[in-house]
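Written out below as structure tokens is the structure these notes cover.
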Amino acid sequence: MSDHYEVVLSCLLRDDTPDPVLAVLRWHLGTETEDPEDLDFEEHPYPLLVQNPNSRLPGGDFVSLRREVQDFSATGEVYAWELFTRTYWVDDHMLHLTGLLDLIAPYVAVSGYGGHYREEYATAMTPFRFHGGTYDSVGF
């Protein structure tokens, strides 16, 4: 029997995040159905963040990537990509969490909390923190 996990991503990506990175991220979210050109199938063998309508998480899965105004400057509005996902993973998917974090870490706009994972019935979670284009180890 497989272990199951709640996996949460909650971060802002810089507005200048390259289109190929956003394309791979949209593919993971299930909003792009075609395989991105630069997709490395060893790092990203299948979409990890697709909403499952039959998720066992209370409240269900949720995924969102949207470009929104975050601030104002002398030159105008300052945008960032808001990424928030809460999805239910089987243990085999957890092996690919680092590939997903490696994809987005260089483009995270604000250092600090970036999400967490926890076993399905556990109360303790393992957070990960983005900083300086990388993140703290997640244990997988």
Meets criteria (of a type in the set (A, V, I, L, M) and under 17 Å from Pro106 (Cα atoms)) for Leu29
no
Please determine whether any residue of segment 64-81 is open to solvent by 20 Å² or more (accessible area, probe 1.4 Å), in contact with an Asp or Glu (Cβ under 8 Å, 6 or more places away or on another chain) and among the small types (Gly, Ala, Ser).
yes
So which residues in segment 102-132 are outside any helix (DSSP H, G or I), open to solvent by 60 Å² or more (accessible area, probe 1.4 Å) and among the charged types (D, E, K, R)?
Glu119, Arg129
Restricting to segment 59-78, and then to whatever is under 18 Å from the mean Cα position of the chain (by Cα) and in contact (Cβ under 8 Å) with a residue 12 or more places away in the chain, can you tell me which residue is nearest to Ala122 (Cα to Cα)?
Asp61
When segment 1-51 is examined, which residues are found to be assigned to a strand (DSSP E or B), open to solvent by 20 Å² or more (accessible area, probe 1.4 Å) and not polar (S, T, N, Q)?
His4, Tyr5, Leu12, Arg14
Confirm whether Ser137 is part of a loop (DSSP other than H, G, I, E, B) and of a type in the set (Ser, Thr, Tyr).
yes
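For (1) out of contact with any strand residue (DSSP E or B) (no Cβ under 9 Å at 6 or more places or on another chain); (2) free of Cβ contacts under 8 Å to residues at least 24 places away in the same chain, each residue gets a yes or a no:
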{"site": "Thr31", "(1), (2)": "no, no"}
{"site": "Pro47", "(1), (2)": "yes, yes"}
{"site": "Gln51", "(1), (2)": "no, no"}
{"site": "Leu57", "(1), (2)": "no, no"}
{"site": "Trp89", "(1), (2)": "no, no"}
{"site": "His93", "(1), (2)": "no, no"}
{"site": "Tyr107", "(1), (2)": "no, no"}
{"site": "Ser111", "(1), (2)": "no, yes"}
{"site": "Phe128", "(1), (2)": "no, no"}
Please tell me if Asp91 is open to solvent by 40 Å² or more (accessible area, probe 1.4 Å) and over 13 Å from the mean Cα position of the chain (by Cα).
yes
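The values are calculated or read from the model by the stated rules, or taken from the named source; none is laboratory data. The model shown is predicted, which means the values in this text are computed figures rather than measured ones. Heads up, the Cβs are rebuilt from the backbone with ideal geometry, glycines too, and the neighbour counts pull from every protein chain shown. Accessible surface areas use protein heavy atoms only, side chains included; no ligands, DNA or RNA. Shrake-Rupley method; radii C 1.70, N 1.55, O 1.52, S 1.80 Å.
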